[in-house]
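First up is the structure itself, then whatever we jot down about it.
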Amino acid sequence: MAGQKIQAPKGVSEYVPPRSAAFEFVRESLIEPARLSGYQLIELPVFEDTELFKRGVGESTDVVSKEMYTFEDRGGRSITLRPEGTAGVMRAVIEHGLDRGQLPSKLWYSGAFFRAERPQAGRYRQFYQVGIEAIGLDDPAIDAEVIAIADAGFKRIGLSKYRLDITSLGDAESRSAHRIDLVAFIASLDLDDATKLRASLNPLRLFDDKRPEISQAMADAPLLINYLNQSSREHFAKVTSYLDALGISYTLNPRMVRGLDYYTGTTFEFVHELLGAQSGIGGGGRYDGLMAELGGQALSGIGFGLGVDRALLAAEAEGVISQDSFVSDLFIIPLDDLAKEKALQIASSLRHAGKTVEVAFGDRALKGAMKGADKSGARYVIVIGDSEITSATVELKEMKTGSTSSVKIDSLLSAI
Ligand code: HAM
(Lines give C-alpha, C1' and ligand atoms only; values in the text may rest on other atoms or scores of the structure.)
Protein backbone atom coordinates (compact mmCIF):
# COMPACT_ATOMS: atom_id res chain seq x y z
CA MET A 1 0.00 0.00 0.00
CA ALA A 2 1.36 3.42 -0.91
CA GLY A 3 3.04 5.29 1.91
CA GLN A 4 3.26 2.32 4.22
CA LYS A 5 6.69 1.55 5.65
CA ILE A 6 8.41 -1.61 4.56
CA GLN A 7 10.56 -3.49 7.03
CA ALA A 8 13.57 -5.74 6.56
CA PRO A 9 12.70 -9.45 6.29
CA LYS A 10 12.53 -11.26 9.61
CA GLY A 11 15.79 -12.37 11.17
CA VAL A 12 18.34 -10.65 8.95
CA SER A 13 21.31 -8.84 10.41
CA GLU A 14 22.02 -5.36 9.14
CA TYR A 15 24.43 -2.66 10.21
CA VAL A 16 23.89 1.06 9.98
CA PRO A 17 26.00 3.88 11.44
CA PRO A 18 27.36 4.25 14.01
CA ARG A 19 27.51 0.48 14.72
CA SER A 20 28.51 -0.34 11.14
CA ALA A 21 31.99 1.07 11.85
CA ALA A 22 32.48 -1.54 14.56
CA PHE A 23 31.17 -4.24 12.22
CA GLU A 24 33.68 -3.17 9.57
CA PHE A 25 36.50 -3.16 12.11
CA VAL A 26 35.59 -6.70 13.24
CA ARG A 27 35.37 -8.03 9.69
CA GLU A 28 38.69 -6.46 8.69
CA SER A 29 40.36 -7.73 11.87
CA LEU A 30 39.25 -11.27 11.02
CA ILE A 31 40.48 -11.01 7.42
CA GLU A 32 43.88 -9.43 8.08
CA PRO A 33 45.68 -12.47 9.59
CA ALA A 34 44.66 -14.49 6.51
CA ARG A 35 46.13 -11.85 4.19
CA LEU A 36 49.30 -11.79 6.28
CA SER A 37 49.54 -15.57 5.83
CA GLY A 38 49.42 -15.46 2.05
CA TYR A 39 45.73 -16.28 1.51
CA GLN A 40 44.19 -14.72 -1.58
CA LEU A 41 40.69 -13.41 -2.11
CA ILE A 42 38.07 -15.60 -3.78
CA GLU A 43 34.79 -13.81 -4.54
CA LEU A 44 31.92 -16.13 -5.35
CA PRO A 45 28.20 -15.94 -6.13
CA VAL A 46 25.77 -15.97 -3.23
CA PHE A 47 23.58 -18.47 -5.07
CA GLU A 48 24.56 -21.85 -6.47
CA ASP A 49 23.04 -24.97 -7.97
CA THR A 50 21.11 -26.64 -5.10
CA GLU A 51 22.84 -29.94 -5.82
CA LEU A 52 26.17 -28.46 -4.69
CA PHE A 53 25.01 -28.12 -1.08
CA LYS A 54 23.06 -31.38 -1.06
CA ARG A 55 26.18 -33.26 -2.08
CA GLY A 56 28.77 -31.03 -0.44
CA VAL A 57 27.22 -30.29 2.95
CA GLY A 58 25.16 -33.47 3.31
CA GLU A 59 21.47 -34.33 3.53
CA SER A 60 21.63 -35.41 7.19
CA THR A 61 22.45 -31.87 8.28
CA ASP A 62 19.91 -29.35 9.55
CA VAL A 63 21.50 -26.87 7.17
CA VAL A 64 20.48 -28.87 4.09
CA SER A 65 17.34 -30.62 5.32
CA LYS A 66 15.66 -27.63 6.99
CA GLU A 67 17.45 -24.35 6.52
CA MET A 68 18.20 -23.73 2.87
CA TYR A 69 16.67 -20.89 0.90
CA THR A 70 15.91 -22.87 -2.23
CA PHE A 71 13.86 -21.64 -5.18
CA GLU A 72 13.36 -22.16 -8.83
CA ASP A 73 14.79 -19.44 -11.05
CA ARG A 74 13.07 -18.22 -14.20
CA GLY A 75 14.77 -20.93 -16.22
CA GLY A 76 13.37 -23.68 -13.99
CA ARG A 77 16.73 -24.42 -12.30
CA SER A 78 16.87 -25.18 -8.59
CA ILE A 79 18.93 -22.46 -6.95
CA THR A 80 19.99 -22.11 -3.31
CA LEU A 81 21.32 -19.08 -1.45
CA ARG A 82 24.66 -20.20 -0.03
CA PRO A 83 24.28 -21.46 3.57
CA GLU A 84 28.08 -21.75 3.95
CA GLY A 85 31.21 -21.09 1.94
CA THR A 86 33.29 -24.25 1.65
CA ALA A 87 31.23 -26.12 -0.96
CA GLY A 88 31.19 -23.09 -3.27
CA VAL A 89 34.95 -22.63 -2.92
CA MET A 90 35.51 -26.29 -3.87
CA ARG A 91 33.19 -25.92 -6.84
CA ALA A 92 35.12 -22.87 -8.05
CA VAL A 93 38.54 -24.41 -7.40
CA ILE A 94 37.59 -27.40 -9.57
CA GLU A 95 35.89 -25.25 -12.22
CA HIS A 96 38.84 -22.85 -12.57
CA GLY A 97 41.53 -25.53 -12.30
CA LEU A 98 43.15 -24.02 -9.19
CA ASP A 99 43.65 -27.60 -8.03
CA ARG A 100 46.08 -28.08 -10.92
CA GLY A 101 48.17 -25.03 -10.03
CA GLN A 102 50.46 -24.27 -7.12
CA LEU A 103 49.35 -26.20 -4.02
CA PRO A 104 48.22 -25.57 -1.44
CA SER A 105 45.67 -23.21 -2.88
CA LYS A 106 45.06 -20.73 -0.06
CA LEU A 107 41.90 -18.67 -0.32
CA TRP A 108 39.91 -16.25 1.86
CA TYR A 109 36.39 -14.93 1.48
CA SER A 110 33.97 -12.72 3.30
CA GLY A 111 30.31 -12.13 2.74
CA ALA A 112 26.68 -12.92 3.46
CA PHE A 113 25.35 -16.44 4.08
CA PHE A 114 21.77 -17.60 4.44
CA ARG A 115 20.10 -20.14 6.70
CA ALA A 116 16.38 -20.22 7.44
CA GLU A 117 16.90 -20.75 11.17
CA ARG A 118 14.61 -19.59 13.95
CA PRO A 119 15.93 -16.07 14.62
CA GLN A 120 17.27 -15.26 18.07
CA ALA A 121 20.11 -13.21 19.55
CA GLY A 122 23.21 -14.05 17.50
CA ARG A 123 21.31 -16.29 15.08
CA TYR A 124 20.19 -14.73 11.85
CA ARG A 125 18.77 -15.78 8.50
CA GLN A 126 21.30 -13.63 6.70
CA PHE A 127 24.61 -13.43 8.53
CA TYR A 128 28.24 -12.70 7.73
CA GLN A 129 31.30 -14.90 7.71
CA VAL A 130 34.97 -14.50 7.06
CA GLY A 131 36.46 -17.79 5.91
CA ILE A 132 39.61 -19.39 4.61
CA GLU A 133 40.29 -22.66 2.81
CA ALA A 134 43.70 -24.28 2.29
CA ILE A 135 43.44 -26.97 -0.36
CA GLY A 136 45.87 -29.70 -1.32
CA LEU A 137 48.11 -30.17 1.70
CA ASP A 138 47.77 -32.89 4.32
CA ASP A 139 50.35 -31.54 6.77
CA PRO A 140 49.31 -31.16 10.43
CA ALA A 141 51.28 -27.90 10.55
CA ILE A 142 48.76 -26.25 8.24
CA ASP A 143 45.93 -27.41 10.53
CA ALA A 144 47.67 -25.55 13.35
CA GLU A 145 48.30 -22.52 11.14
CA VAL A 146 44.64 -22.33 10.10
CA ILE A 147 43.58 -22.44 13.75
CA ALA A 148 46.21 -19.82 14.62
CA ILE A 149 44.90 -17.50 11.88
CA ALA A 150 41.39 -17.65 13.35
CA ASP A 151 42.77 -17.09 16.83
CA ALA A 152 44.84 -14.12 15.64
CA GLY A 153 41.70 -12.54 14.14
CA PHE A 154 39.82 -12.79 17.43
CA LYS A 155 42.85 -11.41 19.32
CA ARG A 156 43.15 -8.53 16.87
CA ILE A 157 39.58 -7.51 17.76
CA GLY A 158 40.66 -7.62 21.41
CA LEU A 159 38.64 -10.69 22.41
CA SER A 160 39.93 -12.85 25.24
CA LYS A 161 36.90 -14.57 26.80
CA TYR A 162 36.68 -17.49 24.42
CA ARG A 163 37.94 -21.03 24.27
CA LEU A 164 38.97 -23.35 21.48
CA ASP A 165 37.38 -26.81 21.36
CA ILE A 166 39.18 -29.33 19.23
CA THR A 167 38.92 -32.99 18.28
CA SER A 168 39.71 -35.35 15.44
CA LEU A 169 37.16 -37.22 13.37
CA GLY A 170 39.97 -39.36 11.94
CA ASP A 171 40.36 -40.69 8.43
CA ALA A 172 37.87 -42.89 6.56
CA GLU A 173 39.27 -46.09 8.05
CA SER A 174 39.02 -44.79 11.63
CA ARG A 175 35.52 -43.51 11.03
CA SER A 176 34.21 -46.74 9.56
CA ALA A 177 35.60 -48.75 12.51
CA HIS A 178 33.84 -46.37 14.88
CA ARG A 179 30.65 -46.31 12.85
CA ILE A 180 30.14 -50.06 13.20
CA ASP A 181 30.16 -49.82 17.00
CA LEU A 182 28.20 -46.59 17.10
CA VAL A 183 25.45 -47.94 14.85
CA ALA A 184 25.22 -51.07 17.01
CA PHE A 185 25.02 -48.88 20.12
CA ILE A 186 22.31 -46.69 18.61
CA ALA A 187 20.33 -49.78 17.54
CA SER A 188 20.13 -50.74 21.22
CA LEU A 189 18.38 -47.44 22.04
CA ASP A 190 14.65 -46.86 21.92
CA LEU A 191 14.34 -44.04 19.39
CA ASP A 192 11.54 -42.41 17.39
CA ASP A 193 11.50 -42.84 13.61
CA ALA A 194 12.74 -39.35 12.72
CA THR A 195 15.76 -39.76 15.00
CA LYS A 196 16.45 -43.21 13.58
CA LEU A 197 16.42 -41.74 10.09
CA ARG A 198 18.85 -39.01 11.09
CA ALA A 199 21.12 -41.57 12.68
CA SER A 200 21.02 -43.73 9.56
CA LEU A 201 22.24 -40.78 7.45
CA ASN A 202 24.94 -39.80 9.94
CA PRO A 203 25.04 -41.51 13.36
CA LEU A 204 27.38 -38.79 14.73
CA ARG A 205 24.42 -36.38 14.60
CA LEU A 206 22.99 -37.96 17.75
CA PHE A 207 25.87 -36.51 19.79
CA ASP A 208 24.51 -33.12 18.84
CA ASP A 209 20.91 -33.85 19.84
CA LYS A 210 19.97 -31.39 22.58
CA ARG A 211 16.97 -33.38 23.92
CA PRO A 212 17.86 -34.53 27.48
CA GLU A 213 16.70 -38.12 26.93
CA ILE A 214 18.93 -38.44 23.86
CA SER A 215 22.00 -36.82 25.40
CA GLN A 216 21.53 -39.05 28.43
CA ALA A 217 21.25 -42.10 26.22
CA MET A 218 24.37 -41.03 24.32
CA ALA A 219 26.46 -40.58 27.48
CA ASP A 220 27.90 -44.09 27.09
CA ALA A 221 28.16 -44.07 23.30
CA PRO A 222 31.54 -45.05 21.83
CA LEU A 223 33.65 -42.00 21.01
CA LEU A 224 35.37 -41.62 17.67
CA ILE A 225 38.53 -40.26 19.29
CA ASN A 226 39.13 -43.76 20.74
CA TYR A 227 38.97 -45.35 17.28
CA LEU A 228 41.64 -43.29 15.52
CA ASN A 229 44.11 -45.45 13.64
CA GLN A 230 47.81 -44.79 13.96
CA SER A 231 48.16 -42.22 11.19
CA SER A 232 45.09 -40.25 12.34
CA ARG A 233 46.37 -40.36 15.91
CA GLU A 234 49.79 -39.15 14.87
CA HIS A 235 48.37 -36.37 12.70
CA PHE A 236 46.21 -35.10 15.56
CA ALA A 237 49.04 -35.36 18.11
CA LYS A 238 51.17 -33.17 15.85
CA VAL A 239 48.40 -30.60 15.48
CA THR A 240 48.08 -30.25 19.24
CA SER A 241 51.84 -30.10 19.72
CA TYR A 242 52.08 -27.26 17.18
CA LEU A 243 49.29 -25.47 19.03
CA ASP A 244 51.27 -25.94 22.25
CA ALA A 245 54.33 -24.47 20.54
CA LEU A 246 52.22 -21.49 19.44
CA GLY A 247 50.91 -21.00 22.97
CA ILE A 248 47.32 -21.48 21.81
CA SER A 249 45.32 -23.24 24.50
CA TYR A 250 42.56 -25.65 23.62
CA THR A 251 40.08 -28.04 25.18
CA LEU A 252 39.82 -31.56 23.81
CA ASN A 253 36.13 -32.14 23.13
CA PRO A 254 35.57 -35.62 21.66
CA ARG A 255 31.76 -35.08 21.65
CA MET A 256 31.91 -32.07 19.42
CA VAL A 257 29.81 -32.47 16.28
CA ARG A 258 30.03 -29.90 13.56
CA GLY A 259 26.84 -29.01 11.70
CA LEU A 260 28.16 -29.99 8.28
CA ASP A 261 28.84 -33.52 7.03
CA TYR A 262 32.09 -33.03 5.11
CA TYR A 263 34.45 -32.98 8.09
CA THR A 264 37.29 -35.46 8.57
CA GLY A 265 40.31 -35.37 10.89
CA THR A 266 41.01 -32.17 12.81
CA THR A 267 37.86 -30.21 13.65
CA PHE A 268 37.50 -27.21 15.93
CA GLU A 269 35.18 -24.56 17.27
CA PHE A 270 35.73 -21.24 19.00
CA VAL A 271 33.20 -20.68 21.76
CA HIS A 272 32.66 -17.35 23.48
CA GLU A 273 31.81 -17.21 27.20
CA LEU A 274 29.45 -14.24 27.15
CA LEU A 275 27.17 -15.08 24.23
CA GLY A 276 24.64 -17.49 25.73
CA ALA A 277 23.02 -20.06 23.45
CA GLN A 278 24.62 -18.91 20.18
CA SER A 279 28.16 -18.96 21.51
CA GLY A 280 30.00 -20.41 18.49
CA ILE A 281 32.02 -17.52 17.05
CA GLY A 282 33.80 -19.65 14.49
CA GLY A 283 34.55 -23.19 13.47
CA GLY A 284 36.13 -25.37 10.89
CA GLY A 285 38.24 -28.38 10.15
CA ARG A 286 39.51 -30.82 7.56
CA TYR A 287 37.33 -32.09 4.74
CA ASP A 288 39.57 -34.58 2.98
CA GLY A 289 36.84 -36.23 0.87
CA LEU A 290 34.90 -33.16 -0.25
CA MET A 291 36.81 -32.31 -3.39
CA ALA A 292 36.42 -35.83 -4.81
CA GLU A 293 32.74 -35.87 -3.77
CA LEU A 294 32.22 -32.81 -5.94
CA GLY A 295 33.87 -34.36 -8.97
CA GLY A 296 37.39 -33.01 -8.49
CA GLN A 297 40.72 -34.63 -7.69
CA ALA A 298 41.12 -36.41 -4.36
CA LEU A 299 42.78 -33.47 -2.62
CA SER A 300 42.64 -32.76 1.10
CA GLY A 301 41.57 -29.44 2.55
CA ILE A 302 41.09 -27.51 5.75
CA GLY A 303 39.50 -24.20 6.59
CA PHE A 304 37.26 -22.21 8.88
CA GLY A 305 34.28 -19.88 8.89
CA LEU A 306 34.15 -17.13 11.50
CA GLY A 307 30.88 -15.44 12.40
CA VAL A 308 31.33 -11.69 11.98
CA ASP A 309 27.97 -10.88 13.62
CA ARG A 310 28.77 -12.99 16.65
CA ALA A 311 32.35 -11.74 16.91
CA LEU A 312 30.89 -8.22 17.01
CA LEU A 313 28.40 -9.22 19.74
CA ALA A 314 31.30 -10.80 21.65
CA ALA A 315 33.38 -7.63 21.29
CA GLU A 316 30.47 -5.56 22.58
CA ALA A 317 29.92 -7.96 25.47
CA GLU A 318 33.61 -7.72 26.41
CA GLY A 319 33.56 -3.96 25.91
CA VAL A 320 36.72 -4.00 23.80
CA ILE A 321 35.66 -1.73 20.94
CA SER A 322 35.44 1.95 21.59
CA GLN A 323 33.41 4.07 19.16
CA ASP A 324 36.12 6.72 19.71
CA SER A 325 38.40 4.84 17.37
CA PHE A 326 36.07 5.41 14.40
CA VAL A 327 35.79 9.20 14.49
CA SER A 328 37.44 11.67 12.12
CA ASP A 329 40.78 13.24 12.88
CA LEU A 330 39.81 16.70 11.70
CA PHE A 331 36.63 18.64 10.94
CA ILE A 332 37.01 21.76 8.77
CA ILE A 333 34.48 24.60 8.75
CA PRO A 334 34.88 26.98 5.78
CA LEU A 335 33.19 30.36 6.14
CA ASP A 336 32.72 31.31 2.47
CA ASP A 337 33.31 30.12 -1.09
CA LEU A 338 37.02 30.94 -1.17
CA ALA A 339 37.44 29.19 2.15
CA LYS A 340 35.66 26.12 0.72
CA GLU A 341 38.31 25.93 -1.96
CA LYS A 342 41.06 26.07 0.68
CA ALA A 343 39.21 23.53 2.85
CA LEU A 344 38.99 21.10 -0.08
CA GLN A 345 42.73 21.45 -0.69
CA ILE A 346 43.68 20.94 2.96
CA ALA A 347 41.30 17.99 3.29
CA SER A 348 42.61 16.27 0.20
CA SER A 349 46.28 16.60 1.16
CA LEU A 350 45.64 15.35 4.72
CA ARG A 351 43.55 12.43 3.42
CA HIS A 352 46.41 11.60 1.09
CA ALA A 353 48.56 11.29 4.22
CA GLY A 354 45.99 8.88 5.71
CA LYS A 355 44.02 11.24 7.95
CA THR A 356 40.24 11.16 8.17
CA VAL A 357 38.96 14.62 7.37
CA GLU A 358 35.42 15.96 7.07
CA VAL A 359 34.42 19.31 5.64
CA ALA A 360 31.24 21.12 6.64
CA PHE A 361 29.66 22.24 3.38
CA GLY A 362 26.35 23.94 2.88
CA ASP A 363 26.75 27.51 4.16
CA ARG A 364 25.59 26.77 7.66
CA ALA A 365 26.09 29.49 10.25
CA LEU A 366 29.24 28.97 12.32
CA LYS A 367 27.26 27.94 15.38
CA GLY A 368 25.42 25.20 13.52
CA ALA A 369 28.62 24.01 11.89
CA MET A 370 30.32 23.77 15.30
CA LYS A 371 27.43 21.64 16.50
CA GLY A 372 28.00 19.39 13.50
CA ALA A 373 31.67 19.10 14.41
CA ASP A 374 30.73 18.14 17.94
CA LYS A 375 28.23 15.54 16.81
CA SER A 376 30.72 13.99 14.38
CA GLY A 377 33.00 13.28 17.35
CA ALA A 378 36.02 14.55 15.37
CA ARG A 379 39.20 14.96 17.39
CA TYR A 380 40.08 18.43 16.07
CA VAL A 381 38.26 21.27 14.37
CA ILE A 382 39.45 24.31 12.41
CA VAL A 383 37.55 27.26 10.97
CA ILE A 384 38.74 28.84 7.73
CA GLY A 385 37.94 32.38 6.65
CA ASP A 386 39.76 35.31 5.02
CA SER A 387 42.19 35.97 7.87
CA GLU A 388 43.20 32.27 8.10
CA ILE A 389 43.88 32.24 4.37
CA THR A 390 45.93 35.46 4.48
CA SER A 391 48.00 34.38 7.47
CA ALA A 392 48.17 30.70 6.38
CA THR A 393 47.50 29.95 10.03
CA VAL A 394 44.52 28.33 11.77
CA GLU A 395 43.29 27.90 15.33
CA LEU A 396 43.37 24.19 15.95
CA LYS A 397 40.80 23.22 18.57
CA GLU A 398 41.02 19.90 20.35
CA MET A 399 37.39 18.91 20.90
CA LYS A 400 37.86 16.77 23.99
CA THR A 401 39.72 19.40 26.05
CA GLY A 402 38.54 22.55 24.28
CA SER A 403 42.13 23.79 24.17
CA THR A 404 43.28 25.70 21.08
CA SER A 405 46.64 26.42 19.49
CA SER A 406 47.81 28.44 16.51
CA VAL A 407 49.10 26.19 13.74
CA LYS A 408 50.50 26.91 10.27
CA ILE A 409 48.32 25.25 7.64
CA ASP A 410 51.42 23.49 6.31
CA SER A 411 52.07 21.96 9.73
CA LEU A 412 48.53 20.63 10.31
CA LEU A 413 49.55 17.06 9.50
CA SER A 414 52.08 16.87 12.31
CA ALA A 415 49.78 18.75 14.69
CA ILE A 416 46.80 16.36 14.51
P1 HAM B 1 29.67 -23.18 10.58
O2 HAM B 1 30.14 -23.64 11.92
O3 HAM B 1 28.39 -23.67 10.10
O4 HAM B 1 30.84 -23.52 9.58
O5 HAM B 1 29.62 -21.60 10.58
C6 HAM B 1 30.74 -20.83 10.96
C7 HAM B 1 30.33 -19.70 11.88
O8 HAM B 1 29.33 -18.89 11.25
C9 HAM B 1 29.69 -20.14 13.19
O10 HAM B 1 30.67 -20.47 14.15
C11 HAM B 1 28.91 -18.90 13.58
O12 HAM B 1 29.78 -17.97 14.24
C13 HAM B 1 28.51 -18.32 12.24
N14 HAM B 1 27.09 -18.64 11.96
C15 HAM B 1 26.59 -19.79 11.47
N16 HAM B 1 25.24 -19.73 11.35
C17 HAM B 1 24.89 -18.50 11.79
C18 HAM B 1 23.64 -17.79 11.92
N19 HAM B 1 22.48 -18.35 11.55
N20 HAM B 1 23.65 -16.54 12.42
C21 HAM B 1 24.82 -15.95 12.79
N22 HAM B 1 26.02 -16.55 12.68
C23 HAM B 1 26.06 -17.81 12.19
C24 HAM B 1 30.80 -23.27 8.23
O25 HAM B 1 29.99 -22.56 7.70
C26 HAM B 1 31.95 -23.90 7.48
N27 HAM B 1 31.82 -23.57 6.06
C28 HAM B 1 33.27 -23.43 8.03
C29 HAM B 1 34.42 -24.09 7.33
C30 HAM B 1 35.18 -23.57 6.35
N31 HAM B 1 34.86 -25.32 7.54
C32 HAM B 1 35.88 -25.58 6.74
N33 HAM B 1 36.07 -24.52 5.99
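Numerical summary
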read-out	value
Residue ID - farthest from the ligand (Cβ to nearest atom), chosen from residues in region 49-62 that are part of a helix (DSSP H, G or I) and within 24 Å of the chain's Cα centre (by Cα)	THR50
Residues (of a type in the set (Gly, Ala, Ser) and without any contact (Cβ under 8 Å) to a residue 12 or more places away in the chain) located in region 63-99	SER65, GLY75, GLY76, GLY97
GLY301 within 23 Å of PHE114 (Cβ to Cβ) and either open to solvent by 20 Å² or more (accessible area, probe 1.4 Å) or among the hydroxyl-bearing types (Ser, Thr, Tyr) (or both)	no
Every residue from region 66-109 that is small (Gly, Ala, Ser) and open to solvent by less than 30 Å² (accessible area, probe 1.4 Å)	GLY85, ALA87, GLY88, ALA92, GLY97, SER105
Tabulated pairs, region 107-124, first over 21 Å from VAL26 (Cα atoms), second outside any strand (DSSP E or B) and aromatic (Phe, Trp, Tyr), C-beta under 9 angstrom, 6+ apart or interchain	ARG115/TYR69; ARG115/TYR124; ALA116/TYR69; GLU117/TYR124
Matching residues, region 14-39, being hydrophobic (A, V, I, L, M, F, W, C) and either assigned to a loop (DSSP other than H, G, I, E, B) or open to solvent by less than 10 Å² (accessible area, probe 1.4 Å) (or both)	VAL16, ALA22, VAL26, LEU30, ILE31, ALA34
Residue in region 264-277 that is of a type in the set (D, E, K, R), within 18 Å of the chain's Cα centre (by Cα), assigned by TED's automatic domain parsing to the domain that holds ARG55 and part of a strand (DSSP E or B) present	yes
Helices (runs of 4 or more DSSP H) lying entirely in region 348-416 (those with 3 or more residues that are open to solvent by 50 Å² or more (accessible area, probe 1.4 Å))	366-376, 386-391
Qualifying residues in region 201-248 (those that are of a type in the set (A, V, I, L, M) and not in a helix (DSSP H, G or I)) - the one most open to solvent (accessible area, probe 1.4 Å)	LEU223
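Per-residue answers, yes or no, for (1) touching a helix residue (DSSP H, G or I) at 6+ places or on another chain (Cβ under 7 Å); (2) more than 14 Å from the ligand (Cβ to nearest atom); (3) touching a residue at least 60 places away in the same chain (Cβ under 8 Å):
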position: ILE281; (1), (2), (3): yes, no, yes
position: GLY285; (1), (2), (3): no, no, yes
position: GLY295; (1), (2), (3): yes, yes, yes
position: SER300; (1), (2), (3): no, no, yes
position: LEU306; (1), (2), (3): yes, no, yes
position: ARG310; (1), (2), (3): no, no, yes
position: LEU313; (1), (2), (3): no, no, yes
position: GLU316; (1), (2), (3): no, yes, yes
position: VAL320; (1), (2), (3): yes, yes, yes
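The values are calculated or read from the model by the stated rules, or taken from the named source; none is laboratory data. Everything numeric in this text was worked out from a predicted model, so none of it was measured. In this analysis, Cβ positions are derived from the backbone assuming ideal geometry, glycine residues included, and neighbour counts consider all displayed protein chains. Just so you know, the surface numbers come from the protein's heavy atoms only, side chains and all, with ligands and any DNA or RNA stripped out. Shrake-Rupley method; radii C 1.70, N 1.55, O 1.52, S 1.80 Å.
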